[in-house]
Amino acid sequence: MWAKTLMVVVTVVMMSVNVESSQTLLKDMTKNFLKAYGQCQKELGLPDSTATELMNFWKEGYEIKSREAGCAIMCLSKKLEVIDPEGKLHKGKTTEFIVAHGTDEATAHKLIDILHACMQSVTPSEDHCLMSLQVAMCFKAEIHKLGWAPDTELLFEEMVAEMQ
């Protein structure tokens, strides 16, 4: 009986480690996205409100609706080379980007599968900014379902600390 109990405890610990490391991974990836934001803001002439929207991206229940935020997400994705110039997911570069933030290949592939599924679920449109926003919101919803969303307060605190 104690062996079964031990297996349950080990499984729960491993699951919590995976969730915690995934939250850290997504927090670090988000910080890198936001660091590149200044370039996109200048290039696209984005209002300051777009930065605020992106800082609140991971808050559960927070829905980004502005087209500008979608344009920023698309610009950032291109700058970090996770999508190609046509707006398609570059799986190799995306895997490299995710693994560079300290995760294993299996987690990287799970994130890519989520992104790919979200890209497939969006109705094609001429407006690439709105499509990017829809993909991002789908991705966010799936990450929240997994319990992998980073703590937004911690993310903000770390971003402020790094600016000082």
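Since every read-out is calculated from the coordinates, none of them should be taken as a lab result. Predicted, not measured: the structure shown is a model, and the values here were computed from it. FYI the Cβ positions are ideal-geometry reconstructions off the backbone, even for glycines, and counts take in every protein chain you see.
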Inter-label distance for Ala141 and Val122, nm, one decimal - labels placed 7 Å from Cα along Cα-to-Cβ
1.4 nm
Could you give me the ³J(HN,Hα) list for the stretch 119-124, computed from phi with Karplus coefficients 6.51, -1.76, 1.60 and θ = phi - 60°, whole Hz, x at Gly and Pro?
5, 6, 7, 7, 5, x
Estimated inter-spin distance, Lys42 and Glu60, nm [label 7 Å along Cα→Cβ]
3.9 nm
Residue-wise HN-Hα coupling along the stretch 92-98, computed from phi with Karplus coefficients 6.51, -1.76, 1.60 (Hz; x: Gly, Pro):
x, 5, 5, 4, 4, 4, 5
What ³J(HN,Hα) values, in whole Hz, does the Karplus curve 6.51 cos²θ - 1.76 cosθ + 1.60 give for the stretch 147-153 when θ = phi - 60°, with x put for Gly and Pro?
x, 9, 5, x, 6, 5, 5
